[in-house]
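Step one of this worksheet: look at the structure below.
Rule-based calculations on the coordinates, nothing more; no lab input. Everything numeric in this text was worked out from a predicted model, so none of it was measured. Don't worry about glycine lacking a Cβ; one is built from the backbone with ideal geometry, like all the others, and counts go over all protein chains shown.
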Amino acid sequence: MNREFTCFLLLILTATAQAVVPGVQRDDAVELPKIAGAYTLAVKDEQCRVQAHDAAGAFYADQTLQQLRREHNGQLPEGLRVTDYPRYEWRGLHVDVSRHFFDMAVLRRMVNTMAALKLNRLHLHLTDGPGWRLEIKSYPRLTSVGAWRKKLGPGPHEWADFRIGPDFPEIYGGFYTQEQMREFIAYARERHVMVVPEIDLPGHAFATLVAYPHFRLPQFTLAETQCGRDILNVEHPEVIQFAKRVLDELMAIFPEDTPIHLGGDEVDTTLLSREQQRKFIQMLVDYLAAHGRRAITWDEAAENGVRGQWVMLWRPDKLQMALETGLPLILCPLSHFYFDYPQSESPGEPGAPNTFVISPQKVHSYTPPLAPQVLGIQANLWSEQIDSAERLFYMAFPRAAVMAEHAWGSPRRPLNNILLDWQQLLKRWPIAR
């Protein structure tokens with residue numbers, strides 16, 4: 001059922017900060033489509049009326065009103081009518097909290113900024129070699145051991161430098177309790193952002209292996225598993241039990257409509273064959289499906305033959321392969337949307353070493369493929385070189401503001417307009433500084 005709000009009532013209900021948002025999808029009298037987030041607004045006789053199918057539409061209408069007021073010196077143009085709706089269901093940002101831990105205050109800032117940009121999926125990379133970040137009560141050593149490591153000095157570090165565990169004079173790390181995560185999920189939902197968890201399986205598991213060494217491949221010592229060999233022994237019955245119990249706890253924490261990301265990437269096929277990988281991930285995809293839950297994997301799992309999941313495509317050269325599977329796709333190509341890469345060639349510019357520049361101009365130039373199976377797009381922030389909240393926000397923005405134009409599906413505004421709007425936002429709203 002459609003809901004109508006006056007602008008006055010809408011602003012009381014949403015009470016959001018000043019926001020920068022993508023340009024509107026339509027500016028004529030197109031009928032309001034029945035999709036999540038759609039809304040119309042009309043200005044007549046100095047009054048504004050907003051119509052929306054759902055609370056998300058009302059929320060996004062407020063973002064647009066804030067933008068229009070900034071563009072017109074606090075006023076709304078008489079006779080204005082906007083019909084606006086998202087092109088993509090999935091408008092995402094990925095944050096790696098494994099390599100560097102970001103507390104809930106930082107994640108709340110990220111959610112607030114995303115909501116202003118009409119981004120609606122926060123993908124949390126909760127586990128990887130350097131740390132396990134979510135409490136799992138069935139396996140307490142994942143966080144009592146795997147969430148901590150020896151504190152290292154400033155500067156870049158190699159994988160071999162990391163020492164997992166709490167038994168060092170100075171340690172670094174942290175984790176989220178299940179209660180903290182539930183509270184954060186609710187906070188994000190109020191801002192129409194879904195928090196999507198990722199537990200990376202069966203690779204990137206060094207923190208897991210330090211906590212539970214018998215899960216490793218039998219041909220390696222624990223020390224030998226650290227660099228590229230940190231792979232779960234998927235033939236071990238207890239590893240299968242472990243994976244299912246972790247998923248059980250995730251399903252108890254995250255709402256039923258939230259998909260669960262299983263990873264499935266970057267595992268050496270000489271150590272674990274494609275068929276072993278396929279069989280293991282397929283079992284977990286099917287396990288989630290049997291519980292009414294959707295799985296996501298990286299594109300390697302689809303290439304290995306896993307079916308029934310949504311696929312995150314990070315390797316642009318695998319686009320045709322992914323399209324041919326017929327599986328729903330979320331596009332996060334490293335060529336345009338890896339925001340841990342440098343933004344410019346300026347001396348001292350932070351970013352992953354030995355990588356190319358992904359400038360705001362390059363993000364702006366991206367053209368998503370026209371395919372009905374594309375659910376949306378996402379930018380990824382891997383945190384090897386992102387060791388503070390200040391750097392996290394510096395690397396994310398304003399590139400995420402540029403990506404939001406694609407994610408919402410707006411007619412593409414000139415890049416300078418987007419960047420100027422972002423600067424105006426920062427003058428009023430220091431949330432992303």
Handout entry: Point-to-point label distance, LEU152-ASP317, nm (Cα→Cβ direction, 7 Å offset)
Key = 2.8 nm
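Thinking of the range 192-292 as a set of Cα atoms, what percent of all their pairs are more than 20 Å apart?
Values: 1905 of 5050 pairs.
Percent of Cα pairs beyond 20 Å in the range 192-292: 38.
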Practice task
Enumerate the whole-percent occupancy of each 10 Å bin, from 0 to the last occupied one, for all C-alpha pair distances of the range 97-227.
Solution key: 12, 40, 31, 15, 2, 0
Exercise for the section: Go through GLN180, TRP422, GLY74 and say which Cα lies farthest out towards the positive end of the charge dipole of the chain; charges sit on Cβ, +1 for Lys and Arg, -1 for Asp and Glu. Expected result: GLY74
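Per DSSP helix of 4 or more residues, -39500 (n - 2.57); summed, then divided by the residues of the chain. What does that give at 222 nm, rounded to the nearest 500? Intermediate values should be presented prior to the final figure.
Numbers: 15 runs with 149 residues, N = 433.
After summing the helix terms and dividing by residue count, I get -10000 deg cm²/dmol.
Taking R0 as 30 Å, what FRET efficiency do you get between LEU271 and GLN423 from their Cβ-Cβ distance, rounded to the nearest 0.05? Intermediate values should be presented prior to the final figure.
Details: r = 49 Å, r/R0 = 1.63.
Efficiency, from the Cβ-Cβ distance: 0.05.
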Handout entry: Label-point separation, GLU170 to SER144 (7 Å along Cα→Cβ), nm
Key = 2.7 nm
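Please arrange THR113, THR367, THR64 by counting, for each residue, the other beta carbons lying within 10 Å of its beta carbon, fewest first.
Numbers: THR113 24, THR367 8, THR64 20.
Neighbour counts put them in this order, fewest first: THR367, THR64, THR113.
Can you tell me the dipole magnitude for the range 90-413 around its Cα centre, using point charges on the Cβ only (Lys, Arg +1; Asp, Glu -1), in Debye to the nearest 20?
It works out to roughly 760 debye.
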Practice task
Using a Förster distance of 56 angstrom, determine the FRET efficiency expected from the C-beta separation of GLU78 and THR355, and round it to 0.05.
Solution key: 0.65
Practice task
Just rank GLU89, GLU198, fewest to most, by other beta-carbon atoms within 10 angstrom.
Solution key: GLU89, GLU198
Handout entry: Lysine pairs meeting the criterion (Cα under 25 Å, 8 or more apart or interchain), as found in the chain
Key = 9
Practice task
Find how much the distance from GLN180 to GLN241 grows on full extension, using 0.36 nm per residue of separation minus their present alpha carbon separation; answer in nm with one decimal.
Solution key: 19.4 nm
Problem - Whole-percent pair-distance distribution, where bins are 20 Å wide, for the alpha carbons of the chain - result: 25, 56, 17, 1
Fill in the blank from the handout: Ranked by GNM mean-square fluctuation in the chain (Cα springs under 10 Å), the top entry among LEU288, LEU250, LEU420 is LEU420
Practice task
For the range 289-368, list log₁₀ I(q)/I(0) at each q in 0.27 Å⁻¹, using the Debye formula over Cα point scatterers of equal strength and ignoring solvent, two decimals each.
Solution key: -1.19
Practice task
Take the alpha carbon atoms of the range 38-92, find their center, do the same for the range 102-119, and report the distance between the two centers in whole angstrom.
Solution key: 22 Å
